[in-house]
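Here's the structure, in structure tokens; my notes come after.
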Amino acid sequence: MPPAALVDPATIDTSRVLVDREGIRLGNPQRFEMELLTAIVAMDLEQHLIIGYKDIEPDEFWVRGHMPDYPLMPGVLICEAAAQLSSYYCHVIKLNEAGFIGFGGMEDVRFRGQVRPGDRLVLVSKAARVHRRQTIFETQGFVATHMVYHGRIIGVPLTSREERRAEE
């Protein structure tokens with residue numbers, strides 16, 4: 001049985017974009033095929049909650065090979081998208097001004113449905129622990145109102161090559 005939804009997916013308004021892809025790039029270093037967020041649509045800093053989505057396009061890099069004639073978004077990419085959403089939240093609250101929060105691990109991950117080209121994968125992330133050395137986010141993914149994913153994402157501080165050079 002899936003956990004209770006962090007937010008009722010029927011109440012999420014994806015038509016009101018707070019942060020577009022360009023804005024996400026200001027906080028997240030991923031580029032090209034690894035940019036797995038289309039938009040941020042809600043943030044509640046008191047609740048440590050952020051909501052965004054990824055529109056799954058028919059020309060995604062994985063569609064041709066995963067699986068031919070029946071493309072399914074790989075679970076590892078769903079987890080990465082949830083991690084990117086969580087990392088963006090850490091950018092907003094300025095948790096790691098000398099770098100960014102990177103993907104440190106996953107716990108209790110389950111996939112409960114398919115994500116296919118043409119779908120909008122809505123992601124919800126709620127911080128359970130926010131600390132400069134480690135963050136823990138409860139994350140969930142929905143297609144329409146169906147929960148297709150849930151899991152715990154662990155974040156760790158990372159610095160870019162340029163920032164490491166500046167420290168030396």
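Figures for the structure shown
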quantity	calculated
Residue in region 38-45 that is touching a residue at least 12 places away in the same chain (Cβ under 8 Å) and on the phi > 0 side of the Ramachandran plot present	no
Selection within region 135-168 - among the basic types (K, R) and either touching a helix residue (DSSP H, G or I) at 6+ places or on another chain (Cβ under 8 Å) or at pLDDT 95 or above (or both)	R152
Filter result (touching a helix residue (DSSP H, G or I) at 6+ places or on another chain (Cβ under 6 Å) and either among the polar types (S, T, N, Q) or not in a strand (DSSP E or B) (or both)) within region 110-134	S125
Candidate set: region 50-79, residues that are β-branched (V, I, T) and part of a loop (DSSP other than H, G, I, E, B); chosen: the one farthest from F142 (Cα to Cα)	V63
Selection within region 17-33 - without any contact (Cβ under 8 Å) to a residue 60 or more places away in the chain and not aliphatic (A, V, I, L, M)	D20, R21, E22, G23, R25, Q30, R31, F32, E33
Residue pairs meeting the criteria (Cβ under 7 Å; at least 6 apart or on separate chains; first farther than 20 Å from R110 by Cβ, in region 2-16; second assigned to a loop (DSSP other than H, G, I, E, B) and at pLDDT 95 or above)	A10/T145
Any hit, region 61-70, residues being more than 20 Å from M1 (Cβ to Cβ), at pLDDT 95 or above and under 17 Å from the mean Cα position of the chain (by Cα)	no
Among residues of region 85-107, those that are free of Cβ contacts under 8 Å to residues at least 12 places away in the same chain and either crowded, with 16+ Cβ neighbours inside 10 Å or assigned to a helix (DSSP H, G or I) (or both), counted	0
Yes/no for A10 being surrounded by fewer than 11 Cβ atoms within 10 Å (Cβ to Cβ), among the aliphatic types (A, V, I, L, M) and assigned to a loop (DSSP other than H, G, I, E, B)	no
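The values are calculated or read from the model by the stated rules, or taken from the named source; none is laboratory data. Given the structure is predicted, the values throughout are model-derived calculations rather than measurements. Reconstructed Cβ throughout: ideal geometry from the backbone, glycine too, with neighbour counts over all protein chains shown.
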